[in-house]
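The values are calculated or read from the model by the stated rules, or taken from the named source; none is laboratory data. No experiment lies behind these values; they were computed from the predicted model shown. Here Cβ is always computed from backbone atoms with ideal geometry, including for glycine, and neighbour counts include all displayed protein chains.
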């Protein structure tokens, strides 16, 4: 199946053209993508380390998770929205890019790992919640989560080093800070 | 700084890093994973200060648990950051974003160290009190946004001249 024309339509959409062609929108979107990633991985890492048994072992797993996982979702929402914006700007090149494809596969496995943990492993969490040593299935979930998210980050970074992207901003004018704030106000106009 | 950057770029170590296709992205990946963990550790402590998480634990316990992560991550970030400077001296040392980042880094580390010393010196009272002073909350939010700024400036190095215009050194 070939979805090339579908992704070409996304790339040619108003939002795709806006991100690609408006001064400094792409760098700013990219910055927020990185901040989203930091929030996702930083929070889920500490939860995973608790599952593995290397961090916060005197605190019940449910409390560690409850403190942090909502922030994982905030970070994920930020990373997803900014990721979609960057994707729209160069949709066809992302679509055929091997690193991007592998990143999406790793992302899908990270999601699958989370679903299996929530639906199967965590079902009897009340029994081992306060234990320092969690069951093997929970330790596996923590280890798999860290591995998959690191893979997502590495592959994501590699996308930027593969050729064919229109990642450079349009030529800047003589304005300094006005460029930055001008782009922020453009984003605000576009969002609402 | 131009002279220093070109001298550094001429060293064998710099050329080893620069001539490899995978070294720079690999070091950057470690850098990203590490600052993500740092953000996680900082967020937990700041959420405790704000009273938004871990309220059943004293600030002393939370700080003691996550301070090693903060300083460990900063050490790894310094090492990988240094490798990136050696590998791409002009890109880093001649970039306005880089120097804003370094300035924010100094402020961020001073706040983190001062906070840790303050908590250590007041262990008894922290252990008993559930909430913290408003000034501490302001510092927690301020410090978090300084670290967010450090990450943002790090990423903006790639678009330095586009973002900062004439503030950025011209090629």
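Given the options A:76, A:45, A:6, name the one that is modelled with pLDDT of 95 or more and more than 11 Å from chain B (Cβ to nearest Cβ).
Among A:76, A:45, A:6, only A:76 is modelled with pLDDT of 95 or more and more than 11 Å from chain B (Cβ to nearest Cβ).
May I ask you to verify whether residue B:42 is touching a helix residue (DSSP H, G or I) at 6+ places or on another chain (Cβ under 8 Å), over 20 Å from residue B:120 (Cβ atoms), at pLDDT 95 or above and surrounded by 18 or more Cβ atoms within 10 Å (Cβ to Cβ)? So that I can check it myself, show each step before the final result.
Numbers: touching a helix residue (DSSP H, G or I) at 6+ places or on another chain (Cβ under 8 Å): yes; over 20 Å from residue B:120 (Cβ atoms): no; at pLDDT 95 or above: yes; surrounded by 18 or more Cβ atoms within 10 Å (Cβ to Cβ): yes.
Criteria not met by residue B:42.
Check off (1) modelled with pLDDT of 95 or more; (2) under 29 Å from residue B:162 (Cα atoms); (3) touching a helix residue (DSSP H, G or I) at 6+ places or on another chain (Cβ under 7 Å) for residue B:23 and give me the number that stays unchecked.
Just one mismatch for residue B:23, condition (1).
Being surrounded by 21 or more Cβ atoms within 10 Å (Cβ to Cβ) and touching a helix residue (DSSP H, G or I) at 6+ places or on another chain (Cβ under 7 Å) is true for just one of A:28, A:15, A:10. Which residue is that?
A:28
Scan segment B:2-20 and give yes if some residue there is surrounded by 15 or more Cβ atoms within 10 Å (Cβ to Cβ), modelled with pLDDT under 95 and within 13 Å of chain A (Cβ to nearest Cβ), otherwise no.
no
How many residues are without any contact (Cβ under 8 Å) to a residue 24 or more places away in the chain and either more than 10 Å from every other protein chain (Cβ to nearest Cβ) or in a helix (DSSP H, G or I) (or both) if we restrict to segment A:48-57? First the steps, then the outcome.
Taking segment A:48-57 and keeping what is without any contact (Cβ under 8 Å) to a residue 24 or more places away in the chain, we get A:54-56.
Cutting the leftovers down to either more than 10 Å from every other protein chain (Cβ to nearest Cβ) or in a helix (DSSP H, G or I) (or both) gives us A:54.
The qualifying residues number 1.
Just to verify a result, which residue in segment A:10-29, among those that are outside any helix (DSSP H, G or I) and within 21 Å of residue B:163 (Cβ to Cβ), is farthest from the other protein chains (Cβ to nearest Cβ)?
Going residue by residue through segment A:10-29, those that are outside any helix (DSSP H, G or I) are A:12-13, A:22-24.
Restricting the remaining residues to those that are within 21 Å of residue B:163 (Cβ to Cβ) gives A:22-24.
Working: A:22: 12, A:23: 8, A:24: 6 Å.
Checked segment A:10-29; the qualifying residue farthest from the other protein chains (Cβ to nearest Cβ) is A:22.
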